[in-house]
Amino acid sequence: MLYNELKPFPKDFLWGASTSAYQVEGASEEDGKGKSVIDMMDHPEDTAGFTVASDHYHRFKEDIRLFHELGLKGYRFSIAWTRIFPEGTGEINEKGLQHYEELIDELIKYGIEPIVTLYHFDLPYALEEKGGWGNREVIDAFVEYARILFNRFGKKVNYWLTINEQNTLILHPGAVGVPKGGKLPTKTSLYQQNHHMLVAQGKVMELCHEMCPHVQIGPALNMTSMYQATSKPEDAIAAHNWETIRGWSFLDLAVHGKYNNLLWSYLENRGWQPEILEGDLEAIGKGHPDFIAINYYSTATISESTGDASDVSPRAGDQQIMLGEPGVYRAEENPYVDKTKYGWVIDPVGLRLTLRKVYERYNLPIMITENGIGAPDVLNDDGSVRDDYRIDFIQAHLKQIQWALTDGVEVFGYFPWAALDVVSTHQGYAKRYGFIYVNRGEFDVKDLKRIKKDSFYWYQKVIESNGKDGLDKNN
Ligand code: BG6
């Protein structure tokens, strides 16, 4: 749809950027932090681990000064559960709470809104040893952890996110990693974990509303749109299958408290349906998110399944690279879009489409909590980092957000991934995302100096003008 004029970004639009605890903090064994599944993970030998990461734990004040210079109105970060409860439950580690209190206070000092994710992939290992999310006890542990955070920070933090990308955890567990020597869980156990996460999330949202009625809380899922490869009706069904299983079914539960009919039939037919105890659906249904957070990177193209193993692509899949599933869908190439160096489809228009669909379906305000391009940025001898591809990527996506706003979609914040360079989930440090370059290599951590990339200066201009400058190629 074309319009005569595009709507401007709302005047209080939250211009931000994101990180997550284990990918940015380092200090993985300091100040009483317990081990998480990430600390115990088997990761590829040629990629950096997470022990130092970007050393944000020690350098957060310097980083926040830079965020202020960048003009950020909000900073989305996650709290490491294991800094608060080293064993996942039981004794509280006051030093962990103090650390996040200092970080939050520092943000507030600079007028930057803290947006806190409760849990971003880093389950305490002590809980994993008891069966992880497969064990119902983790529900109570998560609620208790959230209670401590709401109690301590509920007056300072206005926006909370429950679980980062529950759909990635369930559908692409290999991308997040498995504990050393561990095996990837079966579908039955993954959907049981999923169910427990949903109960935990519902309880935490309800608790948040009780304890901090003035704040807002919502789920953060990895959302995208699936295109059908041709106008063949069976391709349309396959695209709908996978869009529902991968995305809508998670949001339907988080927002409406109901198992999506298609997901349920898919699970039941394969014997993968979770055990649901009395009171579970009620707990899920009492959650009522105030907004929806979406992480958007790319779209995928889908055709009808042939029904045999050839549907599964031989490449390594991850959060954005679809693999195919016999009887459900096949992944296809899209000739109309480019890809990043890491094979992720670049599709800004897909963001507009996804925003339209999410808003139409749930009618809740949307915060975009991740969007960005991973690239092997280079630090030049003159101290510059020329990441024009990042500027092009974010510029094109922002333009589509403006189209979505003009379509009538309520988008109130944009938090690109990432505020500064962080360790990728499974592809090391060379795959950089930040506006701020961190001077370290894959294994040589060098001086970890912070260097502003070209995209830093560009995003600064966008924020300063509330999206008026920097969105057209020539300004
Ligand atoms: C999202 C995750 O799926 O994608 C982030 O929430 C992650 O944790 C981001 O870093 C980019 O993915 P990757 O695998 O390139 O680090």
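Hey, does segment 321-338 have a residue that's within 15 Å of the ligand (Cβ to nearest atom) and in a strand (DSSP E or B)?
Let us first name the residues in segment 321-338 that are within 15 Å of the ligand (Cβ to nearest atom), namely 321-322.
Okay, now just the ones that are also in a strand (DSSP E or B), so none.
No; the residues of segment 321-338 include none that is within 15 Å of the ligand (Cβ to nearest atom) and in a strand (DSSP E or B).
Looking at His214, His196, which is the one that is part of a loop (DSSP other than H, G, I, E, B), away from the ligand (no atom under 16 Å from the Cβ) and in contact (Cβ under 8 Å) with a residue 12 or more places away in the chain?
His214
Would you pick out the residues in segment 293-306 that are touching a residue at least 60 places away in the same chain (Cβ under 8 Å), more than 16 Å from the ligand (Cβ to nearest atom), assigned to a loop (DSSP other than H, G, I, E, B) and out of contact with any Phe, Trp or Tyr (no Cβ under 7 Å at 6 or more places or on another chain)? Please lay out each step first, then the result.
Going residue by residue through segment 293-306, those that are touching a residue at least 60 places away in the same chain (Cβ under 8 Å) are 293-305.
Among the residues that remain, those that are also more than 16 Å from the ligand (Cβ to nearest atom) are: 301-305.
From the residues that got through so far, the ones that are assigned to a loop (DSSP other than H, G, I, E, B) too are 304-305.
Within segment 293-306, just Glu304 meets the criteria.
Before we move on, is Gly132 closer than 23 Å to Arg76 by Cβ and either at pLDDT 95 or above or away from the ligand (no atom under 16 Å from the Cβ) (or both)?
No, not satisfied.
Right, Asp377: within 16 Å of the ligand (Cβ to nearest atom) and touching a Lys or Arg at 6+ places or on another chain (Cβ under 6 Å) or not?
For Asp377, the condition - within 16 Å of the ligand (Cβ to nearest atom) and touching a Lys or Arg at 6+ places or on another chain (Cβ under 6 Å) - is met.
If you check Gly287, Gly324, which single one turns out to be surrounded by 16 or more Cβ atoms within 10 Å (Cβ to Cβ), under 25 Å from the mean Cα position of the chain (by Cα) and at positive phi?
Working: Gly287 fails: at positive phi.
Unique residue meeting the criteria: Gly324.
Only one of these is within 21 Å of Leu353 (Cα to Cα), away from the ligand (no atom under 16 Å from the Cβ) and buried (at least 18 other Cβ atoms within 10 Å of the Cβ): Tyr191, Tyr227, Tyr259, Tyr266. Name it. Even if it seems obvious, please write down each step before you answer.
Details: Tyr191 fails: within 21 Å of Leu353 (Cα to Cα); Tyr259 fails: within 21 Å of Leu353 (Cα to Cα); Tyr266 fails: within 21 Å of Leu353 (Cα to Cα).
Only one candidate qualifies: Tyr227.
Yes/no matrix, rows are residues, columns are (1) modelled with pLDDT of 95 or more; (2) under 28 Å from His426 (Cβ atoms); (3) over 22 Å from the mean Cα position of the chain (by Cα):
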{"position": "Gln98", "(1), (2), (3)": "yes, no, yes"}
{"position": "Ile104", "(1), (2), (3)": "yes, no, no"}
{"position": "Val116", "(1), (2), (3)": "yes, yes, no"}
{"position": "His120", "(1), (2), (3)": "yes, yes, no"}
{"position": "Pro124", "(1), (2), (3)": "yes, yes, no"}
{"position": "Asp140", "(1), (2), (3)": "yes, no, yes"}
{"position": "Val143", "(1), (2), (3)": "yes, no, no"}
{"position": "Phe150", "(1), (2), (3)": "yes, no, no"}
{"position": "Lys155", "(1), (2), (3)": "yes, no, yes"}
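For segment 416-467, which positions are aromatic (Phe, Trp, Tyr) and within 11 Å of the ligand (Cβ to nearest atom)?
Trp417, Tyr429, Tyr433
Exactly one condition in (1) in a loop (DSSP other than H, G, I, E, B); (2) of a type in the set (Phe, Trp, Tyr); (3) within 16 Å of the ligand (Cβ to nearest atom) is false for Phe9; which is it?
(3)
Pairs, please: C-beta under 9 Å, at least 6 apart or cross-chain, first residue touching a residue at least 40 places away in the same chain (Cβ under 8 Å) and part of a loop (DSSP other than H, G, I, E, B) and in segment 157-186, second small (Gly, Ala, Ser) and more than 11 Å from the ligand (Cβ to nearest atom)?
Taking only residues 6 or more apart or on different chains, the pairs are His172/Gly317; Pro185/Gly132; Pro185/Gly134.
Just to verify a result, which residue in segment 339-365, among those that are among the charged types (D, E, K, R) and in a loop (DSSP other than H, G, I, E, B), is surrounded by the most Cβ atoms within 10 Å (Cβ to Cβ)?
That would be Asp347.
Could you give me the residue pairs with C-beta distances under 7 Å whose first residue belongs to segment 281-292 and is closer than 13 Å to Tyr359 by Cα, whose second residue is in a loop (DSSP other than H, G, I, E, B) and not polar (S, T, N, Q) wherever it lies, and which are 6+ apart or on separate chains?
Cβ pairs passing all conditions: Phe291/Leu364; Phe291/Pro365; Ile292/Leu364.
What number of residues in segment 161-188 are within 16 Å of the ligand (Cβ to nearest atom) and on the phi < 0 side of the Ramachandran plot?
Total satisfying the criteria: 16.
What is the one condition in (1) more than 23 Å from Glu87 (Cα to Cα); (2) of a type in the set (Asp, Glu); (3) free of Cβ contacts under 8 Å to residues at least 60 places away in the same chain that Glu144 does not satisfy?
(1)
Across segment 342-372, which residue is farthest from the ligand (Cβ to nearest atom) among those that are among the basic types (Lys, Arg) and within 20 Å of the chain's Cα centre (by Cα)?
Going through the qualifying residues, I end up with Arg356.
The values are calculated or read from the model by the stated rules, or taken from the named source; none is laboratory data. Values in this document were obtained by computation on a predicted structure and should not be read as measured data. All Cβ positions, glycine included, derive from the backbone under ideal geometry; neighbour counts span all protein chains shown.
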